[in-house]
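Beneath this line is the structure, given in structure tokens, with notes to follow.
The values are calculated or read from the model by the stated rules, or taken from the named source; none is laboratory data. These figures come from a predicted structure and were not determined experimentally. Glycine also receives a Cβ, built like all others from the backbone with ideal geometry; neighbour counts cover every protein chain displayed. What goes into the accessible areas is simple: the full protein's heavy atoms, side chains included, and nothing from ligands, DNA or RNA. Shrake-Rupley method; radii C 1.70, N 1.55, O 1.52, S 1.80 Å.
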Amino acid sequence: MALLFKVDDSRGSVWKSLFEQHAPDIDVRLWPDIGDPSQVRYFAAWQPPHDLHTRFPNLDVIFATSAGVDQFDLGELPGYIQVVRMLDPGIAQGIIEYACFAVLSLHRQVPLYLRQQRARVWQDHELTPARRRRVGVMGLGNLGVAVTQALRPFGFELRGWARSHKHIDGVQCFAGDVQLKPFLAQCDILICLLPLTDDTRGVLNAQTFAAMPKGAQLINLGRGGHLIERDLLDALDSGQLSDAVVDVLEDEPPSPDHPFWSHPNLWLTPHIGANTSPDTAFEVLLGNLRRHQRGEAMHGVIARHQGY
Ligand code: NDP
């Protein structure tokens with residue numbers, strides 16, 4: 001039974017050589033060298049083709065090489081195929097680094113000071129201590145919780161919001177739609193680390209921004225589909241939000257005339273929050289393959305009805 005990767009060529013050869021070294025019993029194939037499709041039991045990809053289950057009649061498991069699975073058309077896949085997301089510790093580390101860089105930059109008003117530098121203005125502003133800065137995280141899963149714990153030592157007042165109730169050290173937690181507004185009212189800096197689902201699409205919208213304190217700041221590390229871009233531009237232009245750091249867009253890459261390229265209150269990065277590195281992800285993937293071979297539950301299997 002084979003494991004088929006559909007990833008870019010350089011990564012594919014790294015994955016293949018890791019398996020050759022550490023798990024030579026697993027028949028690893030690299031797209032488009034599929035071989036006999038009926039032998040493909042496992043499929044690993046970031047962007048899968050649509051006709052997976054018809055092309056590979058014995059497919060058991062799809063491994064996303066990403067933490068999110070929004071790029072999969074889950075409704076199209078038969079229920080017997082398990083979809084597993086990537087719980088790579090390297091992804092969590094990347095997101096922690098990005099979130100800390102962005103929160104500290106916004107907290108210390110770096111975007112403002114860079115605007116001043118360009119205007120040759122030497123002017124300091126009142127320093128807000130971290131204990132008076134409220135940082136809220138939307139999504140308290142693997143990554144959201146890791147970010148709260150990485151931010152704790154700075155002394156920020158931490159808030160978090162998820163679907164279900166949580167108890168997380170040092171974090172005041174809110175749950176569900178009814179507690180969204182009270183949560184937002186306490187976010188001077190809001191970080192989105194939600195999965196993109198039917199329920200979360202467009203969650204970063206005009207109502208959300210209006211519910212935040214005036215002059216609040218936004219970091220979108222989730223997916224582009226969470227954000228209504230026009231609403232963010234309006235919120236920045238009106239001063240309801242003072243700054244935004246955006247790592248993900250609905251259309252990546254954006255067109256040359258996309259307004260985010262040049263907005264003075266917005267930092268844009270090209271989806272670099274984190275990416276899966278075979279070095280750290282290999283053990284996670286192999287662990288799951290072995291669990292599946294032994295008939296045990298794998299880690300990171302998504303709940304198909306929830307979409308994450
Ligand atoms: P998890 O599945 O571990 O956590 C998701 C969290 O979101 C859970 O706490 C869940 O609540 C909450 N959630 C889901 N739906 C809702 C909803 N409708 N209302 C409120 N809360 C909700 O995901 P990860 O932490 O591993 O990853 C989160 C996302 O980060 C990924 O899906 C991806 O979009 C993004 N990401 C971005 C990267 C980048 O490079 N920018 C890299 C990696 C990931 P509950 O706990 O109650 O189920």
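Angle of helix 142-151 to the longest C-alpha principal axis of the chain, folded into 0 to 90 degrees and rounded to 10: 40°.
Label reach from Lys214 (point 7 Å along Cα→C-beta): in region 226-247, amide nitrogens under 18 Å belong to 234-243. Summarised as an ellipsoid, region 5-66 has semi-axes of 19, 14, 10 Å, derived from the eigenvalues of the Cα gyration tensor scaled by 5 and square-rooted, with the largest first. What does the charge count near Gln39 come to, summing +1 for each Lys or Arg and -1 for each Asp or Glu among other residues with Cβ under 15 Å from its Cβ? It works out to a net charge of -2.
Applying D = kT/(6 pi eta Rh) to region 90-268, where Rh is the Kirkwood radius over alpha-carbon pairs, T corresponds to 10 °C and eta to 1.306 mPa s, the Stokes-Einstein value obtained is 97 µm²/s.
With all protein chains kept in place, the per residue accessible area of the chain amounts to 49 square angstrom at a probe of 1.4 angstrom. Sequence-ordered 3J(HN,Hα) estimates for region 213-218 from the Karplus curve with 6.51, -1.76 and 1.60 and θ = phi - 60° stand at x, 4, x, 5, 10, 10 Hz, glycine and proline given as x.
As a fraction of the 1.4 Å probe accessible area of region 90-268, surface on carbon and sulfur atoms comes out at 52 percent. Using the Cβ of Cys173 as centre and a radius below 9 Å, the other residues enclosed give a net charge of +2, where K and R count +1 and D and E count -1.
A Förster distance of 45 Å, applied to the separation of the beta-carbon atoms of Asp25 and Asp73, puts the FRET efficiency at 0.90.
Rg and Dmax over the alpha-carbon atoms of region 132-189 stand at 10.2, 30 Å.
Other residues within the sphere of radius under 13 Å centred on the Cβ of Leu184, judged by their own Cβ, net out at +2 (K and R +1, D and E -1). Note on Lys16: lysines with a C-alpha under 25 Å away, same-chain residues under 8 apart excluded, are Lys6.
Would you please state the base-10 log of I(q)/I(0) at q = 0.09, 0.11, 0.14 1/Å for the chain, with intensities from the Debye formula using one equal scatterer on every alpha carbon? At q = 0.09, 0.11, 0.14 Å⁻¹ the computed log10 ratios are -0.51, -0.73, -1.07.
Helical content alone sets the calculated 222 nm signal of the chain at -9000 deg cm²/dmol, taking -39,500 (n - 2.57) per DSSP H segment of four or more residues and averaging over every residue. Note on Gln179 and Ser164: the model spin-label points, each 7 Å out from Cα along the C-beta direction, lie 1.4 nm apart. Using only Cα atoms, tell me the angle between helix 89-107 and the longest principal axis of the chain; keep it within 0 to 90° and round to the nearest 10. Helix 89-107 sits roughly 10 degrees off the main axis of the chain.
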